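Report on the following structure.
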Amino acid sequence: MNDLLLRGGRPWTPGVPLAGADILVRDGRIAAIAPDLSAEGVDTVDLAGALVLPGLVESHCHLDKTMFGGPWVPNTGGPTLAGRIANGEGRRDELGLPSADYASNLLGAMVSGGTAHVRSHIDIDPEVGLRGVEAVRAAAARHADRVDVQLVAFPQGGLLTRLGTGKLLEAALAEGVEVIGGLDPAGYDGNPTGQLDLIFGLAEKYGARIDIHLHDRGALGAWQFDLIAARTRATGLAGRVTISHAYAMGELAPGEQRRIAENLADAGVSMITCAVGDAPVVPVRVMYEAGAGLALGNDGVRDLWTPYGDGDMLRRIMQVAFRDRLVSDADIELALAAGTYGGAAVLGIEDYGLRVGAPADLFTVDAETPAAAVVSVPTRKLVVKRGRVVARDGRLSAD
């Protein structure tokens, strides 16, 4: 039984003023949030005024690609999308990828940073088959009580352009992978209608969610946003479709950004932004004002695409806020909301947040305000998953 009394914290919920309160956890769920709670037979932790935040949601990463915790590998991918894809596929056998050990290393770092839920894209193609699914599932099993992991069957090297990939994606869904991915239906596959036919058809057949990488820029990217929104309406998959990266959204004129955000909100399509390199960031305020879903992720971490990253979602929230020029406390909290509640919505986690009845997934930091926590990225003092303390002071707790 995961029973716990967290005394003297300041729980944060978007739009609600901060106030001191205790949190009582029974059987891994939040049983009460109120001042001066008491309970017998439970472990008690004095939070000493710490800020309490809901477990972070990593909505876009690539656990199958990571070399986190391994030897340093110089990056040889080059500047183009095609070059990075070829480099990643050409060297993965040489470097023992996908690796359950590396993926487990990264998941451990994510947990110690307060991440409670992870969505990971897994490369699937005729050469690697479903080995990435197997490796990441093995890694997730090592952290089964610390973090929940959702997988995306992802055609990194193209879908229609690569014979046999579609059948492998279907095999992954048949084996329980929860999400089907896509990659630049127009710019990479060159057949947007054909790719969307396949992806949406499989999603309908297996009850899967959809998450499409869309790097295409300018008018081509914007056109595909509308195309995906229209397909979502036609198939009745509102609330189950996400566009990742969506670089074009960050470089369009403000009026066009608003139009697209409103169209996405109406269709029930979300976006995920990762603040990758100098690529445009999806405008946080525009999405919020339109009521469109927005989540955040780290993307690649220490892999053959990039040598950077540490898996810390709070740091990624700060980077998104910085890149999007969010400077007021209220705007910075919009980024924090995207990295928590926004991610939960994208992953389909209905039972989420600092509220009575939800699983006790949370972490604490010493910070005056939520905005201060985002900007300063302090050490996570305490990380709790389903009422169990899984990390303290930035380090995993002993099992």
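In the stretch 218-239, the residues that are at positive phi form Cβ pairs under 7 Å with partners that are assigned to a helix (DSSP H, G or I), at six or more places apart or across chains, as follows: G218/A248.
Looking across the stretch 83-104, the residues that are among the small types (G, A, S) and either more than 19 Å from R146 (Cα to Cα) or in contact with a Pro (Cβ under 6 Å, 6 or more places away or on another chain) (or both) come down to G83, A86, G88, G90, G96, S99.
A single member of V389, V346 is under 16 Å from V52 (Cα atoms) and either of a type in the set (V, I, T) or in contact with a strand residue (DSSP E or B) (Cβ under 9 Å, 6 or more places away or on another chain) (or both), and it is V389.
Quick check on the stretch 1-37: of everything there that is in a loop (DSSP other than H, G, I, E, B) and without any contact (Cβ under 8 Å) to a residue 24 or more places away in the chain, which residue is nearest to the chain's Cα centre (by Cα)? Steps first, please.
Filtering the stretch 1-37 for residues in a loop (DSSP other than H, G, I, E, B) gives 1-3, 12-20, 27-28, 35-37.
Still in the list and also without any contact (Cβ under 8 Å) to a residue 24 or more places away in the chain: 15-17, 19, 35-36.
Details: G15: 22, V16: 24, P17: 26, A19: 28, P35: 33, D36: 35 Å.
Among residues in the stretch 1-37 that are in a loop (DSSP other than H, G, I, E, B) and without any contact (Cβ under 8 Å) to a residue 24 or more places away in the chain, the one nearest to the chain's Cα centre (by Cα) is G15.
When each of V374, V383, V389, V346 is tested for being farther than 16 Å from A21 by Cα, within 20 Å of the chain's Cα centre (by Cα), modelled with pLDDT of 95 or more and not in a helix (DSSP H, G or I), the lone residue that passes is V383. For the stretch 354-374, residues that are surrounded by fewer than 18 Cβ atoms within 10 Å (Cβ to Cβ), closer than 16 Å to L314 by Cα and aliphatic (A, V, I, L, M) total 1.
Filter the stretch 103-149 for residues that are over 21 Å from A391 (Cα atoms) and outside any helix (DSSP H, G or I) and give the result. Within the stretch 103-149, S120, H121, I122, D123, I124, D125, P126, E127, V128, G129, L130 meet the criteria.
Can you go through V152, V147 and tell me which one is outside the structural domain of R392 (by TED's automatic domain parsing), in contact (Cβ under 8 Å) with a residue 60 or more places away in the chain and either out of contact with any Cys (no Cβ under 8 Å at 6 or more places or on another chain) or among the basic types (K, R) (or both)? I'd like the intermediate steps shown before the answer.
Working: V152 fails: in contact (Cβ under 8 Å) with a residue 60 or more places away in the chain.
Just a single option satisfies the conditions, and that option is V147.
Within the span defined as the stretch 134-141, one or more residues are within 19 Å of the chain's Cα centre (by Cα) and surrounded by fewer than 17 Cβ atoms within 10 Å (Cβ to Cβ). May I ask you to verify whether T76 is of a type in the set (V, I, T), part of a loop (DSSP other than H, G, I, E, B) and surrounded by 24 or more Cβ atoms within 10 Å (Cβ to Cβ)? Against the criterion (of a type in the set (V, I, T), part of a loop (DSSP other than H, G, I, E, B) and surrounded by 24 or more Cβ atoms within 10 Å (Cβ to Cβ)), T76 does not qualify. Report, by residue number, each residue of the stretch 181-229 that is within 23 Å of V281 (Cα to Cα) and of a type in the set (A, V, I, L, M). Selection gives L183, A186, I210, I212, L214, A219, L220, A222, L227, I228, A229.
The values are calculated or read from the model by the stated rules, or taken from the named source; none is laboratory data. Values in this document were obtained by computation on a predicted structure and should not be read as measured data. Cβ atoms come from the backbone with ideal geometry, glycine included; neighbour counts cover every protein chain shown.
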